[in-house]
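In what follows, a structure is listed as structure tokens, so that the remarks can point back to it.
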Amino acid sequence: MHDTLSPRRLRALIALAWLAGGALLLLLTPLSGHSDALGWTPAFWLLLAPASILVAMKPGLPMSLLASLLRR
């Protein structure tokens, strides 16, 4: 077996770490999702950008996650 990560899996792990770190940063710091000076820029770069990378890599993922949540 190979112990190396494929480039696709590595990109997904980086995007997941970026998304988790961004969510944690928005939750635990006084940084707001929207400000008069920056607009929606913090929320975009901390949450929407990594989420869009994950959706671009696997477009059916959000629907499959939603379906699994509704089955419970």
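The values are calculated or read from the model by the stated rules, or taken from the named source; none is laboratory data. This one's a predicted model, so the numbers in the text were calculated from it and none came from an experiment. Cβ: placed from backbone, ideal geometry, glycine included. Neighbour counts: every protein chain shown. Heavy atoms of the whole protein, side chains included, go into the accessibility calculation; ligands, DNA and RNA do not. Shrake-Rupley method; radii C 1.70, N 1.55, O 1.52, S 1.80 Å.
Cβ-Cβ distances below 7 Å connect the following pairs, each with a first residue in segment 1-25 that is within 12 Å of A49 (Cα to Cα) and in a helix (DSSP H, G or I), a second residue that is of a type in the set (G, A, S) and modelled with pLDDT of 85 or more, and a separation of six or more residues or different chains: L19/A51. Take the conditions (1) free of Cβ contacts under 8 Å to residues at least 24 places away in the same chain; (2) within 11 Å of the chain's Cα centre (by Cα); (3) open to solvent by less than 100 Å² (accessible area, probe 1.4 Å); L48 misses just one of them, which is (3).
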